[in-house]
Amino acid sequence: MIQLWMFVSPVIYLRLFCQKWRWLLDLNPLTGIIEGFRSSLFNRPFNWTALAISTTLTVLSLVYAAYSFRRVERYFADIV
């Protein structure tokens, strides 16, 4: 899953997407971080919306992962 996510991340091809499908690319949590680095390195305008979406999705994933782990924590050592 992590390797697939790296291929889906917009490291090079972010500018190739048209504005119509750009919102779909913003759902990737790495988009805001990568765009932030690009903005600081190349002196471009900062995309606060992409960073806010990335932060929100990351926090929601963290909360869900913590909840899921707490739910299966008792049986986790037996399964692994």
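Can you compute the equivalent ellipsoid semi-axes for segment 18-79, i.e. the square root of 5 times each eigenvalue of the Cα gyration tensor, sorted largest first and rounded to whole Å?
Those come to 34, 13, 9 Å.
Which residues does a label at L27 reach in segment 49-80, if reach means a backbone N under 17 Å from a point 7 Å past the Cα toward the Cβ? Residues 50-61 qualify, since their backbone N sits under 17 Å from the label point.
For A65, what is the net charge nearby, where nearby means another residue's Cβ is under 13 Å from its Cβ and Lys, Arg count +1, Asp, Glu -1? My count for the surroundings of A65 gives +1.
Exposure proxy ranking for E73, E35, based on other Cβ atoms within 10 angstrom of each Cβ and starting from the fewest, stands as E73, E35.
Read the figures in this text as sums done on the coordinates, not as results from a lab. These numbers come from a predicted model, not from an experiment. In this analysis, Cβ positions are derived from the backbone assuming ideal geometry, glycine residues included, and neighbour counts consider all displayed protein chains.
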